[in-house]
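Asks: One structure, as structure tokens, below. Some questions next.
The values are calculated or read from the model by the stated rules, or taken from the named source; none is laboratory data. It should be emphasised that the depicted structure is a prediction, and the values quoted were computed from it without experimental measurement. Side chains are part of the model used for accessible areas, which takes the heavy atoms of the whole protein and leaves out ligands, DNA and RNA. Shrake-Rupley method; radii C 1.70, N 1.55, O 1.52, S 1.80 Å.
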Amino acid sequence: MKIEADRSLCDGNALCVAEAPDLLELDENEMVVVIGQPADEAALERARRAAAVCPKAALRVRS
Ligand code: SF4
């Protein structure tokens, strides 16, 4: 499973970062960056929550 970000949709509100700070952060332009991939079930759940809270639908978790 992999988390992917469409940075063109991101508005930098950091809701996803709060859910998965080990996987996502904001860059200097306040746009999301994927910094890690889920390595276990707990991290995968964080990735799913991060995608779910994004109001811009900018994140996808893919198999
Ligand atoms: S929740 Fe969505 S819009 Fe907000 S920072 Fe994350 S990817 Fe960007």
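Asks: Using only the Cα atoms of region 11-63, each taken as one equal point scatterer with no solvent, compute I(q) by the Debye sum, divide by I(0), and report log10 of the ratio at q = 0.24 Å⁻¹.
Replies: -0.86
Asks: ³J(HN,Hα) across region 46-63 via Karplus (A = 6.51, B = -1.76, C = 1.60, θ = phi - 60°), whole Hz, x for Gly/Pro?
Replies: 4, 4, 5, 5, 4, 5, 5, 7, 5, x, 9, 6, 8, 10, 9, 10, 10, 8
Asks: Using a 1.4 angstrom probe on heavy atoms only, work out the carbon and sulfur share of the accessible area of the chain in %. Write out the running numbers ahead of the final one.
Replies: Working: 1840 of 3740 Å².
Percent of accessible area from carbon and sulfur atoms in the chain: 49.
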